[in-house]
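Data block below; observations after.
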Amino acid sequence: MRFLNFPTVVQREVFECFSFEELLALSFCSKRFRNLIQSLQKYRFTKIDYLVYRKIFKETVFITARSSDLKQLLHISLHEDQKNEEINSNEGFKIGGVHCSLYKSSTFSWGSMYMYERNQSELIIECVHNYFYAFFGSSIDYQIDLNCDKLPQSLKNIAGSRIGLSENMTGEELEACFTSSPSQKYIAILFKLNGKLCPDSVLYNTENLYFNSTHIDVDDLLFQFRGKCLFLVERNVTDLNIIRFLNEWKSNRKFQNMKFVSIFTHRRNRFDVAKVLYEADIKHLDPSETTLKLEWKQ
Amino acid sequence: MSVEPEVPIVQVEEVRENPVLYKIISSDNHVFTISEHAVKLSKTLWDLITNLGLTAENALDNPIPVENVNGKNMETIVQFCERHKYDEEEPEYTNYIREFVLPEWDRQLLSIDNEELFQLILATNYLDIQKLMDYCCRVIGDMAKDKTPEELRIIYGIPTDAEDDALERSASDSPGPSG
């Protein structure tokens, strides 16, 4: 089939029949073909709302792209090849320069499986992300979801991260995860941090931060956060923290960006709600007092 | 035409339902008869018919020459159009991909080698028959199922980067029109 000899209008029609996974596989065929797909299918790529790199195990990366209505548009998995040899150039292809090779192993109903060379687990997300960013474009929110020992530090243009901290991870190690993408829209941190956050942590400037950890310095986080939304799940939070925070927020001297705060604590008995409301001068209004009701007759 | 179709020929009764018939002459001078409902599936042919002012009375006396389509492809196209002339309009696809299952009759009709399919698609594009184009594209798309990039390169005749580079070099090395 001389695909490249078809008129452009026919090439576009054919591309419409390919799934995103098939277009991706076709993009690996050659630079020229990749450029052709990009030029004819760019409008379809804008239907991808976000793409997540999920690394739960050290050797495996799952990549899922979804539309804004959460429909799955792409799902592939990358696995470390247990053979201790280079990927054969007949079956594989280079991705992201000369150092990173992949080959397509299988296709399943849930998506495609690719293998990468042994001992490249640190490099592979970076190479694949750089490729995806160049291929699918910058309109997509690229996110990472990591739950492992070593976190990649070199992913650029990441819009959101969900990081499950490993045991004994320090604030400095966590900070290093954001070196290449310091300004993210969403960050979620889970599990225990060893020690304190860095004094000038990028987390404080994140637009939307979810922090579910233990033994975090609540004052540090609450009073240095400069983003819009904060979700905090922390057992050490006390009513004194909350009262001080609410009074400062109300004063309008700090937290000008803040739109929403949610604090959840498991220790209800350490929390005197009436005291918080009184000290922060907050009144509970009857909904009927705050809602304007309009009634009319037909 | 000497080519034996592998699919059932359109029932004569179907054609009789509509008395208006048109004659089409392929590039290799084969003559085909097609009903009005069927020919409407081709935007190019229908535009031609209306522009020429062909009517039920004079249609058969004025065969339409189609220079870009040979008899073999025209036969497939006429069969397809007769088969699908009363189909309802396809709904717009909304699922981020043009997903549908090719009916068995059409799969048989389009079970041809890659070069024949290539030529049929060019003819379909020229005659602007959207449904046949969709079906041909589905056949091409189905070829990619479960294939590795290397297999895809062979199926679709995609040159490697090295081959593209060599082609570009030889094109830039070759003398221009002046010499």
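The values are calculated or read from the model by the stated rules, or taken from the named source; none is laboratory data. Note that the coordinates shown come from a computational prediction; the quantities given were computed from them, not determined experimentally. Note that we place each Cβ from the backbone using ideal geometry, even for glycine, and neighbour counts take in every protein chain shown. We work out accessible area using only protein heavy atoms, side chains counted, and drop any ligands, DNA or RNA first. Shrake-Rupley method; radii C 1.70, N 1.55, O 1.52, S 1.80 Å.
Quick one: grab the alpha carbon gyration tensor of region A:1-138, order the square roots of its eigenvalues as a ≥ b ≥ c, and give me rounded if a/c is under 1.5, else prolate or oblate depending on whether a/b is larger than b/c. Write down the numbers at each step before the final one.
Details: a/c = 1.99, a/b = 1.36, b/c = 1.47.
Note, shape of region A:1-138 comes out oblate.
Please state the charge dipole magnitude for region A:3-48, taken about the Cα centre, from unit charges on C-beta atoms (+1 on K and R, -1 on D and E), reported in debye and rounded to the nearest 20. Don't skip to the answer; put the middle values down first.
Numbers: 7 positive and 4 negative charges, 52 e Å.
Charge dipole of region A:3-48: 240 debye, to the nearest 20.
Got a sec? Charge dipole of region B:15-169, +1 on Cβ for Lys and Arg, -1 for Asp and Glu; which of B:Leu41, B:Asn73, B:Leu60 is way out at the positive end?
Farthest along the dipole direction, towards plus: B:Leu60.
Please name which of A:Ile140, A:Asn241, B:Ser26 has its Cα lying farthest along the dipole of the protein assembly as shown towards the positive end, using unit charges on Cβ (Lys, Arg +1; Asp, Glu -1) and the Cα centre as origin.
Of the candidates, A:Asn241 comes out farthest on the positive side.
Would you work out if region A:107-243 is rounded, prolate or oblate? Take a ≥ b ≥ c from the square roots of the eigenvalues of the alpha-carbon gyration tensor; rounded if a/c is under 1.5, else prolate when a/b is larger than b/c, oblate otherwise. List each step's numbers first, then the result.
Working: a/c = 2.26, a/b = 1.86, b/c = 1.21.
Prolate, since a/c reaches 1.5 and a/b exceeds b/c.
Could you pull out the longest piece of chain A with no exposed loop GluC sites (Glu not before Pro) in it, calling a site exposed if DSSP puts it outside H, G, I, E, B and it has at most 11 other Cβ atoms within 10 Å? Mind dumping the intermediate values first?
Values: sites that count: A:Glu85, A:Glu86, A:Glu167, A:Glu295.
Answer from the scan: A:168-294.
Using θ = phi - 60° and the Karplus relation 6.51 cos²θ - 1.76 cosθ + 1.60, list the HN-Hα couplings for region A:212-221 in order, rounded to whole Hz, with x at every Gly or Pro.
For region A:212-221, the Karplus curve yields 10, 9, 10, 6, 8, 7, 4, 4, 3, 5 Hz.
How much accessible surface area, in Å² rounded to 10, belongs to the heavy atoms of A:Lys31 with a 1.4 Å probe?
Rounded to the nearest 10, the figure is 110 Å².
Carbon and sulfur together cover what percent of the accessible area of region A:124-240 at a 1.4 Å probe radius? Mind showing how you got there, number by number?
Numbers: 2280 of 4780 Å².
Ligands and nucleic acids excluded, carbon and sulfur reach 48 percent.
Need one word for region A:202-256: rounded, prolate or oblate. Basis is the Cα gyration tensor (sqrt eigenvalues a ≥ b ≥ c); a/c below 1.5 gives rounded, then a/b vs b/c decides. Don't skip to the end; give the middle numbers.
On the way: a/c = 2.15, a/b = 1.12, b/c = 1.92.
Oblate, since a/c reaches 1.5 and b/c is not below a/b.
How large is the dipole of the protein assembly as shown about the Cα centre if only Lys and Arg carry +1 and Asp and Glu carry -1, each at its Cβ, rounded to the nearest 20 debye?
Working: 53 positive and 72 negative charges, 509 e Å.
Around 2440 debye, computed over the protein assembly as shown.
Calculate one ³J(HN,Hα) per residue across region A:153-160 by plugging θ = phi - 60° into the Karplus curve 6.51 cos²θ - 1.76 cosθ + 1.60, and present them in order as whole Hz with x for glycine and proline.
Once rounded to whole Hz, the list reads 10, 10, 7, 8, 6, 8, 8, x.
Would you kindly derive the ³J(HN,Hα) couplings of region A:24-36 from the backbone phi angles with the Karplus curve 6.51 cos²θ - 1.76 cosθ + 1.60 (θ = phi - 60°), listing them in order in whole Hz, with x for Gly and Pro?
Rounded to whole hertz, the list is 5, 4, 5, 5, 6, 5, 6, 4, 4, 5, 4, 4, 4.
Size of the dipole of region A:189-274 about the Cα centre, Lys and Arg at +1 and Asp and Glu at -1 on the beta carbon, nothing else charged, in debye to 20?
Details: 13 positive and 9 negative charges, 35 e Å.
I would put it at about 160 debye.
For A:Lys275, list the aspartates and glutamates whose Cα falls under 13 Å from its own Cα; do not include residues on the same chain fewer than 8 positions away.
Within the straight-line limit of under 13 Å, A:Lys275 reaches these aspartates and glutamates: A:Asp239.
B:Ile64's amide H: which non-local residues (gap 5+, or another chain) put their own amide H closer than 5 Å, with H modeled 1.01 Å from N in plane and none for Pro or chain starts?
It is B:Lys23, B:Ile24, B:Ile25, by chain and number.
Out of residues 5 or more away from A:Tyr50 or on other chains, whose amide H comes under 5 Å of its own, with H placed 1.01 Å from N in the peptide plane?
A:Arg66, A:Asp141
Checking the cross-link filter: which lysines have an alpha carbon closer than 16 Å to that of A:Lys71, excluding same-chain neighbours under 8 positions apart?
Excluding near neighbours in sequence, the set is A:Lys47.
Roughly how many Å² is the accessible area per residue of the protein assembly as shown, as a whole number, for a 1.4 Å probe?
Heavy-atom SASA per residue in the protein assembly as shown reads 54 Å².
Carbon-plus-sulfur fraction of the accessible area of region B:40-179, 1.4 Å probe, in percent? Before the final figure, lay out each step's value.
Working: 3840 of 7680 Å².
The value for region B:40-179 is 50 percent carbon and sulfur by accessible area.
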